Amino acid sequence: MPHQEAKFHLQKLVSLEGVSKIYPSSKGDVYAVRDVTLDVQAGEFFSILGSSGSGKTTTLRLIGGFEIPEYGQVFLSGEDVTLKPPYRRDVHTVFQKYALFPQMNVVQNIAYPLSVQGVAKDEIKRRVGELLRMFQIEELSDRIPSQLSGGQQQRVALARALINRPKVLLLDEPLSALDAKIREGVREELRELQRKTNITFIYVTHDQEEALALSDPIAVMHDGKVEQIGTPEEIYSRPKTRFVAQFIGKANFLVGTVLETGNEAIVVDVNGVKLRAISHNSQPTTGETVTLMIRPEQFYIGSHPEAVNQATGKVDSITYIGQLVEYRVTTGIGTLTVTQLGGRESYTKDSSLSLYWSINDCVVIPPEAKP
Ligand code: ADP
Ligand code: MG
């Protein structure tokens, strides 16, 4: 059973347990990070995704040792490092604004961490050479940072971060200074690099697409809290909260009352219409008010004799988004956003439209826990 074996070797490298960071302000305490618990396994590419101000940078600073939490503990390889300074932790941080030394050339910048440790010259040369080749920046060796493009500077900063071979690399929106075109290229390089070195990456971004493309697990943060941790697929298809559902893509929400709970489907009354849904993250009870989520691309247009979930309505508006057509459809259960691949049969404003969708694409979002 190779799968189980692999699991057996998984090792918690970074753990946060109930960590909170509070900043005092004139308007009272600000919880930059609120009761965050998460585990990062060795060798993982772990992303922290959230909008600006959600607490991503503070979380990284807590792991790196630049902040001490008011509550909770930080563990590295099982050791409590909550009170240890950054230089006593086997992690390296690449910040949003990578600080290269402006007067040093590429080689000197990359070699710096080893030079200050007094590592032998031959050894430094060998390791710098390795990284120059890995990042394909050998021909830039003699240039100083002002003679490099943003993407090249970022590569130098990453090479310098790797020269100490840290166990964990913390990356705070490392691509945000690059323009969209080269960002995607560097993104692929990063993924490749992580696979090659097997260094554990903790990668902060506000860009959903980036997180979905890059990572194994993603932690979605909102207002200092972790809303959900899961694979890109889990977070997209089985969101635990309305916030996650909305943040990671477009979603239709329908509010209804639970009529029946069974082994397979939950039956929910939405405006007098029975819908069948699936619940991954909670066990709804009869009479409870729940929210259902349906992604716009999960609707089928037309009717199907065996469809358990269906609605008919009138097209209110039509928008073309690249290859997709988006319809807003007013139905008896609410206004629905429906996307279809363009080029198929198309509908005009005011035409009537029948929709159906499967149980598996009709997902119960658990009621939010009140803080
Ligand atoms: P993100 O990186 O997701 O944008 P941050 O971790 O930087 O978020 O900030 C989270 C919250 O904490 C924000 O409301 C921010 O204003 C606040 N905050 C961060 N650092 C400090 C600080 N040093 N002093 C006071 N408030 C801070
Ligand atoms: Mg930040």
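Checking Y300 against (1) under 27 Å from the mean Cα position of the chain (by Cα); (2) within 13 Å of S358 (Cα to Cα); (3) not acidic (D, E), which test does it fail?
Exception for Y300: condition (1).
Which condition from (1) modelled with pLDDT under 95; (2) not assigned by TED's automatic domain parsing to the domain that holds R295 is the one that I229 breaks?
Evaluating I229 over (1) modelled with pLDDT under 95; (2) not assigned by TED's automatic domain parsing to the domain that holds R295 leaves (1) as the failure.
D90 fails exactly one of the following numbered conditions: (1) among the charged types (D, E, K, R); (2) open to solvent by less than 30 Å² (accessible area, probe 1.4 Å); (3) in contact with a Lys or Arg (Cβ under 6 Å, 6 or more places away or on another chain). What is the number of that condition?
(2)
Is there any pair linking a residue in segment 238-264 that is over 14 Å from P284 (Cβ atoms) to one that is aromatic (F, W, Y) and open to solvent by less than 90 Å² (accessible area, probe 1.4 Å), with Cβ under 7 Å and at least six apart or on different chains, and which?
Note: pairs meeting the criteria are R242/F253; I248/Y236; G249/Y236.
Scan segment 204-223 residue by residue and report those that are of a type outside the set (S, T, Y), within 15 Å of ligand 2 (Cβ to nearest atom) and under 18 Å from E189 (Cα atoms).
Within segment 204-223, V204, D207, E210, A211 qualify.
Being more than 18 Å from T205 (Cβ to Cβ), open to solvent by 60 Å² or more (accessible area, probe 1.4 Å) and in contact (Cβ under 8 Å) with a residue 40 or more places away in the chain is the filter here; which residues of segment 21-77 pass it?
Y31, R34, D35, T37, E70, Y71, Q73, listed by residue number.
Please determine, by comparing only the residues of segment 164-206 that are in contact (Cβ under 8 Å) with a residue 60 or more places away in the chain and open to solvent by 40 Å² or more (accessible area, probe 1.4 Å), which one is farthest from the chain's Cα centre (by Cα).
Filtering first and then ranking leaves N164.
Determine which single condition Q310 fails, assuming it passes every other condition in (1) closer than 20 Å to G262 by Cβ; (2) open to solvent by less than 30 Å² (accessible area, probe 1.4 Å).
Going through the list (1) closer than 20 Å to G262 by Cβ; (2) open to solvent by less than 30 Å² (accessible area, probe 1.4 Å), Q310 breaks only (2).
Residues being within 17 Å of I182 (Cβ to Cβ) and not in a helix (DSSP H, G or I): count how many of those fall in segment 97-156.
Residues in segment 97-156 being within 17 Å of I182 (Cβ to Cβ) and not in a helix (DSSP H, G or I): 6 in total.
Looking only at residues that are within 28 Å of the chain's Cα centre (by Cα) and of a type in the set (S, T, N, Q) in segment 81-124, which one is modelled with the lowest pLDDT?
Selected residue: Q96.
Results for (1) open to solvent by 50 Å² or more (accessible area, probe 1.4 Å); (2) farther than 27 Å from L341 by Cβ; (3) small (G, A, S), shown as yes or no for each residue.
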position	(1), (2), (3)
V268	no, yes, no
G272	yes, yes, yes
N281	yes, yes, no
T289	yes, yes, no
M293	no, no, no
P296	no, no, no
Y300	yes, no, no
P305	yes, no, no
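Are any residues in segment 160-186 at pLDDT 90 or above and assigned to a helix (DSSP H, G or I), and if so, which ones?
R160
The values are calculated or read from the model by the stated rules, or taken from the named source; none is laboratory data. Note that the structure is a prediction, hence the values are computed from the model and not measured. All Cβ positions, even for glycine, are placed from backbone atoms using ideal geometry, and neighbour counts span all protein chains on display. Each accessible area value is taken on the protein alone, full model and side chains, heavy atoms only, with ligands, DNA and RNA left out. Shrake-Rupley method; radii C 1.70, N 1.55, O 1.52, S 1.80 Å.
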